[in-house]
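Remarks on the structure that follows.
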Amino acid sequence: MFLSFVYYVSMWLNFKADLDRQPLNFTNMINYLEAYKQYYFLRMKQREGNEDYCNTYAAEKMLFDIINSCTTLEEFKDKIGSANEQVAMALVIDEQNIRLRHYEEIKETVKAACCRRILDKVKPCKHVSELITMVNEEQNLLNIEITTDTIYPFADMLFLENLEIWEQSEIPAAYKEKYAAYANEERTSIESAYAAIEKEMNNWQPGWKFSFEKIDKEKHRRLLPYSNEVIATQKQLTQKILHK
Amino acid sequence: MPVDKMIVDAMLGTFRNMLQECRDKNLSGGDLDIMASTLARMEHLGIEMDDTGAYSGMLVQEGLFMKFSDHYSKVLSAAAQQSGSGNSGVYDEAADKQLLQNTLQAYRDAVQRIKENKSQVKEKMGNHAADADVLFKDKIIIDAIEQLIVLGESGVSYPLFLSQLIEKGLDKALEGSVTTGESLQYLLDAAKATSANPYLIKKEEEKLVLQKKHAAESSINVADSLQFQLGCEKIEWTHEPDIIKWNKIKQGWEKTLFWLDEWITAYCSFAPFIEPWAATKEPKEAVKESQDCVPGKLRTWEKINNRYFGLSAKELFLHPSFAWDVEHHWMYWSQEYAEFLVNEVLPACIPFQQPAANLIAVAEKMHTDNRKINPNIHQPSLRYATFFNSYFGEGEFAKRYGETKKVISNAAAWASVNF
């Protein structure tokens, strides 16, 4: 390990010395092979020692080892095979792993699931273009999933609060009928709000239905500043209004 | 009826330009055909559908944006490969120059596109076009790209050019320049000027600290874009529940104050002649309803908040959100009136009961003496104007939104909260 490091450094210093001696123009003969070796060496060194990018480093090292073993660029062209593709795939793997750890930590299950899908599909990709298409498709799907992963209007307790105020407030008998009518309007508003969200979400995901189970998912639950009892009661009441 | 043309144009404009750009360069092939048919599908849906929400949903569902961009990349990549392989297949000086030129041309096109986009934004902003120079930090990204172009034009070979991108960190500068310390400072200053709640300020402070930390770790003072993006998501994630709870408790005391004011004012002799009652069909009946029903509604509201947060109506006012709003001049009511409502009217506001005559007398006097409203209620607007002018020019806030008028109130300014 130490020897290889010494080798890289000495190679780098020699290369730098060459550059320093030569004005940067095409009137001097350029050793393209050495210049490309230097380039791939730098790419590899960028990732060295970074655990987050261990796959990328390994792929870059493989690529550097290939060019470093060549005596001509033509030889490199023959030997390179899919090494460049493997670097791209390794980079996608490393970045998706970084994202996955982050989303698992904050329990963003939808985004974490997208990372897992991408990670599962990277290896079967044969070309970079296939890889790009796959990542784009998954991100497109993720956008739809993020949009449809909603518990609105449940998250807004205003409807149920108003209903409770119209129905439960102690008021003189003369106003009872009027307040009962307000309560009915509120029920209609609740039904309309849930129907509207279903209509809107069906634009993104045909067949989408409001899910009461979703409310208890950590991602949504942590944003409702109420006790479990309050949530359970409000859930039950909403289901009753919606006849669900 | 088709989707509004303006909306379709805004959504598809970039894609039309991209297709035209390829045609102008005489590019062709299967990928270009797919680009054209994908755009045609997007245009067709715009004519066939009538709801904007459904239209954008369908574009995403069918993956049309993604499909178009995917094939656009393939068209460009094929064109680049073609122009780079116009030699014998041997990598020589000519091939090297060609590769470098292709790369530099792509950067030049990118600069052009950024400038064009900004010009379009400026056109849309009309009289406020100069704002775009404050809000869009395109100079930073253009400078970074132009550095690359200068380097590429200096006579270096392609591999040396690529090596220097890495050595000088110019590749990272391109990635990271979208989020600059300057734009984060703008957001922090805006949050402080607004001072809606402490978490919104804290969030922006933390993002700026994060950006500085990551930038300091980099040799070229640019934060790693992925690390920074995820770090910002975590900051948002951390504070979101606190913001929601803060706002909900604030809603609790705001509504309580609103009803206390409605109830006690409804007993004042002038009630039928002032809003909200004067605006109703039967002001006297409306006044009577406020007198009769507000206490019941208030106590139900108290029950709701007690169930949510274990706080009585009075305890809601001890939450830091109340002191925050007082300190930052968001409180609509004056201190003496708010104290009167909370300390004296609230205990009396009970279903089927009426306030004592002395309470009504105090409320009437405060109203006629014009002492109910916070004399500093205009301060948030002044505070925001100071921030706005510091970015967009002295006097700009007043020019656009009018002068901030000081409220006419004979009440003393808030000193402290005494509940």
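The values are calculated or read from the model by the stated rules, or taken from the named source; none is laboratory data. Computed from a predicted model, the values in this text were never measured in an experiment. Glycine also receives a Cβ, built like all others from the backbone with ideal geometry; neighbour counts cover every protein chain displayed.
Checking each residue of segment B:145-166 against the condition of being among the aliphatic types (A, V, I, L, M), modelled with pLDDT under 80 and closer than 30 Å to B:C232 by Cα gives no match.
Checking segment B:402-410 against the condition returns a match, with at least one residue being under 23 Å from the mean Cα position of the chain (by Cα) and either surrounded by fewer than 15 Cβ atoms within 10 Å (Cβ to Cβ) or within 30 Å of B:D261 (Cβ to Cβ) (or both). Is there a residue in segment A:136-143 that is away from chain B (no Cβ under 11 Å), of a type outside the set (V, I, T) and surrounded by 14 or more Cβ atoms within 10 Å (Cβ to Cβ)? Within segment A:136-143, not a single residue is away from chain B (no Cβ under 11 Å), of a type outside the set (V, I, T) and surrounded by 14 or more Cβ atoms within 10 Å (Cβ to Cβ).
Restricting the first member to segment B:128-157 and to residues that are over 14 Å from B:A110 (Cβ atoms) and within 14 Å of chain A (Cβ to nearest Cβ), and the second to residues that are among the polar types (S, T, N, Q) and not in a helix (DSSP H, G or I), the beta-carbon pairs closer than 6 Å and six or more apart or on different chains are B:G155/A:N25. Can you name the number of the only condition in (1) aromatic (F, W, Y); (2) at pLDDT 95 or above; (3) within 30 Å of B:D31 (Cα to Cα) that A:F212 fails? Of everything listed in (1) aromatic (F, W, Y); (2) at pLDDT 95 or above; (3) within 30 Å of B:D31 (Cα to Cα), A:F212 misses just condition (3). Restricting segment A:89-115 to residues that are among the charged types (D, E, K, R) and surrounded by fewer than 16 Cβ atoms within 10 Å (Cβ to Cβ), the residue that is nearest to A:R47 (Cα to Cα) is A:R101. Residues in segment B:256-298 that are surrounded by fewer than 18 Cβ atoms within 10 Å (Cβ to Cβ) and of a type in the set (K, R): 2 in all. Given the criteria in contact with a Cys (Cβ under 6 Å, 6 or more places away or on another chain) and either closer than 30 Å to B:C349 by Cα or surrounded by 15 or more Cβ atoms within 10 Å (Cβ to Cβ) (or both), does A:L119 qualify? It is false that A:L119 is in contact with a Cys (Cβ under 6 Å, 6 or more places away or on another chain) and either closer than 30 Å to B:C349 by Cα or surrounded by 15 or more Cβ atoms within 10 Å (Cβ to Cβ) (or both). Sub-6 Å Cβ pairs linking a first residue in segment B:41-63 that is without any contact (Cβ under 8 Å) to a residue 40 or more places away in the chain and within 8 Å of chain A (Cβ to nearest Cβ) to a second residue that is aliphatic (A, V, I, L, M) and surrounded by 15 or more Cβ atoms within 10 Å (Cβ to Cβ), at least 6 apart or interchain, are B:M58/B:L45; B:V60/A:I144, ordered by first then second residue.
Here A:N50 meets the list (1) within 9 Å of chain B (Cβ to nearest Cβ); (2) surrounded by fewer than 19 Cβ atoms within 10 Å (Cβ to Cβ) almost entirely, failing just condition (1). Candidates are the residues of segment A:72-99 that are among the β-branched types (V, I, T) and farther than 19 Å from B:A95 by Cα; the one that is nearest to the chain's Cα centre (by Cα) is A:I98.
Only residues that are part of a helix (DSSP H, G or I), modelled with pLDDT under 90, farther than 11 Å from B:T180 by Cβ and not charged (D, E, K, R) were counted in segment B:209-228, giving 3.
Residues that are within 11 Å of chain B (Cβ to nearest Cβ) and out of contact with any Phe, Trp or Tyr (no Cβ under 6 Å at 6 or more places or on another chain) do not occur anywhere in segment A:115-124.
For residues in segment A:162-178 being buried (at least 19 other Cβ atoms within 10 Å of the Cβ) and not in a loop (DSSP other than H, G, I, E, B), which is farthest from the other protein chains (Cβ to nearest Cβ)? Only one residue tops the list, namely A:L163. The helices (runs of 4 or more DSSP H) falling completely within segment B:247-364 that include 3 or more residues that are touching a helix residue (DSSP H, G or I) at 6+ places or on another chain (Cβ under 7 Å) and under 24 Å from A:E229 (Cβ atoms) map to B:283-309, B:313-316. For beta carbons closer than 8 Å, sequence separation of 6+ or different chains, a first residue in segment A:203-229 that is within 9 Å of chain B (Cβ to nearest Cβ) and surrounded by 13 or more Cβ atoms within 10 Å (Cβ to Cβ) and a second that is assigned to a loop (DSSP other than H, G, I, E, B) and of a type outside the set (D, E, K, R), the qualifying pairs are A:L223/A:A155; A:L224/A:A155; A:Y226/A:M157. Taking residues in segment B:215-243 that are surrounded by 15 or more Cβ atoms within 10 Å (Cβ to Cβ) and among the aliphatic types (A, V, I, L, M), and partners anywhere that are part of a helix (DSSP H, G or I) and at pLDDT 95 or above, the pairs with Cβ atoms closer than 6 Å and at least 6 places apart or on different chains are B:L230/A:H102; B:I235/B:K203; B:I235/B:E206; B:I235/B:K207; B:I243/B:Y199. Do we find that B:F317 is at pLDDT 95 or above, away from chain A (no Cβ under 14 Å), within 36 Å of the chain's Cα centre (by Cα) and surrounded by 15 or more Cβ atoms within 10 Å (Cβ to Cβ) in this structure? Criteria met by B:F317. Counting only residues that are β-branched (V, I, T), out of contact with any helix residue (DSSP H, G or I) (no Cβ under 6 Å at 6 or more places or on another chain) and more than 22 Å from B:K74 (Cβ to Cβ), segment A:95-145 holds 1 of them. Within segment A:87-111, the only residue that satisfies the criterion of being among the aliphatic types (A, V, I, L, M) and not in a helix (DSSP H, G or I) is A:I106. Tallying residues that are assigned to a helix (DSSP H, G or I) and more than 22 Å from the chain's Cα centre (by Cα) within segment A:180-214 yields 24. Going by the structure shown, is B:I304 of a type in the set (A, V, I, L, M) and within 9 Å of chain A (Cβ to nearest Cβ)? Judged against the criteria, B:I304 is a match.
Looking only at segment B:145-162, residues that are outside any helix (DSSP H, G or I) and either in contact with a Ser or Thr (Cβ under 6 Å, 6 or more places away or on another chain) or more than 19 Å from A:Y40 (Cα to Cα) (or both) come to 3 in all.
Per-residue answers, yes or no, for (1) at pLDDT 95 or above; (2) not hydroxyl-bearing (S, T, Y):
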{"residue": "A:Y182", "(1), (2)": "yes, no"}
{"residue": "A:E186", "(1), (2)": "yes, yes"}
{"residue": "A:E198", "(1), (2)": "yes, yes"}
{"residue": "A:P206", "(1), (2)": "no, yes"}
